[in-house]
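No value in this document is a laboratory result; all are computed from the given coordinates. Treat the numbers as computed from the prediction; the structure is a model and nothing was measured. Neighbour counts are summed over all protein chains in view; Cβ atoms, including those assigned to glycine, are modelled from backbone coordinates with ideal geometry.
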């Protein structure tokens with residue numbers, strides 16, 4: 001299973017790699033600009049992304065990413081330092097962008113993120 | 001922004017509090033990773049120490065900047081050299097730099113003394129350096145960077161700056177970032193993914209001492225620098 005993390009912070013990126021690489025193939029990019037190229041290369045099963053990125057706004061990235069036909073259905077989890085109350089409470093805002101989960105970093109442990117990732121990964125049939 | 005008004009103080013406080021979330025999240029996640037996966041305890045403890053140091057330095061600098069701006073604390077001046085300040089800053093940040101694969105260089109071209117507040121200037125430059133180091137891209141961890149501290153004489157001033165690679169900063173982007181600081185969550189998206197409070201706190205401390213932080217270049221690197229007027233009296237000593 002491939003997970004693509006979009007995470008600009010070097011220490012958190014290291015932490016994600018150490019935590020998740022035992023169970024998944026993990027690729028990490030700090031920027032939205034590289035994420036689309038990496039998605040083509042990696043074909044991720046899930047994308048986990050920070051919204052607060054250098055150069056790009058994460059929401060702009062989401063609109064752009066979802067505009068590609070190949071990437072309209074890949075599950076996306078937002079794992080961010082931005083408090084959820086800064087966005088409309090109406091869930092349709094996120095469902096329009098086909099975002100499966102909005103997880104607030106300060107209160108969501110990696111174990112909880114892992115559970116959400118597991119919930120979203122398609123079950124392999126033999 | 002001398003004499004921070006109440007609204008500006010609250011906005012800066014909120015911004016610093018938001019910025020402090022990141023090192024605390026880093027500490028929490030590193031601890032969790034270490035406990036869950038094991039085997040990397042020493043490496044993780046070093047990162048935890050560096051995250052905690054960053055948070056503490058930002059907090060101290062914010063308080064000092066606020067006290068100076070609101071004149072709650074007098075800015076005591078004494079003869080100092082910027083070379084000594086920058087060497088001290090380089091020593092203070094070496095752990096953070098090391099954790100971020102960043103080498104430190106110090107280029108001291110002048111030892112003319114200036115009148116200044118050693119601790120305040122040191123804190124301002126620690127914040128600039130920390131902010132530049134942590135602005136480097138996460139997945140370039142294998143690529144070594146450098147952070148250069150430089151001081152040189154330029155007419156009646158010493159120019160002291162901090163510089164690094166791949167910094168997309170210009171006078172226009174810097175001034176725009178300062179102008180929008182109170183109005184937006186991500187104040188400096190051109191050069192950092194954080195909200196840039198470290199840069200802003202350094203700007204506040206230096207501005208309280210009538211010094212201006214501006215984008216600057218040094219040996220092909222970009223960074224931020226301030227001009228420190230030479231003291232005519234000290235030159236006579």
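For chain B, the mean residue ellipticity at 222 nm estimated from helices alone is -17000 deg cm²/dmol, where every DSSP H run of n ≥ 4 contributes -39500 (n - 2.57) and the total is divided by all residues, rounded to the nearest 500.
Counting every pair of alpha carbons in the range A:26-119, the share spaced more than 15 Å apart comes to 60 percent.
Within 10 Å of the Cβ of each residue in B:184-193, the mean number of Cβ atoms contributed by other protein chains is 4. I'd like the antiparallel share, as a percent to the nearest 5, of DSSP beta bridges with both residues in the range A:26-119. Here the antiparallel bridges make up roughly 10 percent for the range A:26-119.
Residue by residue along A:43-55, Cβ atoms of other protein chains within 10 Å of the local Cβ number 3 on average.
The order of the peptides B:155-166, B:68-79 by mean Cβ neighbours within 10 Å, most packed first, is B:155-166, B:68-79. Highest average first, the peptides A:50-59, B:170-179 ordered by how many other beta carbon atoms sit within 10 Å of their residues are A:50-59, B:170-179.
State, as an integer percentage, the relative contact order of chain A based on alpha-carbon contacts under 8 Å between residues 6 or more apart. Across chain A, relative contact order equals 24 percent.
Scaled to the globular estimate 2.2 N^0.38 Å, the Cα spread of the protein assembly as shown, given as radius of gyration, is 1.06. For chain B, the longest principal axis of the alpha carbon atoms and the long axis of helix B:118-134 meet at an angle near 40°.
When B:181, B:199 are sorted by how many other C-beta atoms sit within 10 angstrom of their C-beta, beginning with the fewest, the order is B:181, B:199. Listed peptides A:78-86, B:204-212, A:7-15 appear in the order A:7-15, B:204-212, A:78-86 once ranked by packing, highest mean of other Cβ atoms within 10 Å at the front.
For chain B, the calculated P(r), taken from all Cα-Cα distances in 5 Å bins from zero up to the bin holding the longest distance, is 1, 6, 14, 18, 19, 17, 12, 7, 3, 1, 0, 0, 0 percent.
Kindly express, to the nearest 10 degrees and within the range 0 to 90, the angle between helix B:171-180's C-alpha long axis and the longest C-alpha principal axis of chain B. So the helix axis and the longest Cα principal axis differ by about 70 degrees. Take each residue in B:128-134, count the other chain C-beta atoms within 10 Å of its C-beta, and the mean is 1.
If each DSSP helix of 4+ residues adds -39,500 (n - 2.57) and the sum is divided by the residues in chain A, what number results at 222 nm, nearest 500 deg cm²/dmol? Walk me through the numbers before you get to the answer.
Values: 5 runs with 48 residues, N = 126.
Rounded to the nearest 500, the figure is -11000 deg cm²/dmol.
How high is the relative contact order of the range B:6-236, in percent, counting Cα pairs under 8 Å that sit 6 or more residues apart?
Once normalised by length, the contact order is 22 percent.
When DSSP beta bridges are restricted to pairs lying wholly in the range B:6-236, around 80% turn out antiparallel. Computed over the range B:1-109, the percent of Cα pairs more than 22 Å apart is 52.
Relative to the first principal axis of the alpha-carbon coordinates of chain B, what is the inclination of helix B:197-208, with its axis defined by its Cα atoms, in degrees from 0 to 90 and to the nearest 10? So the helix axis and the longest Cα principal axis differ by about 20 degrees.
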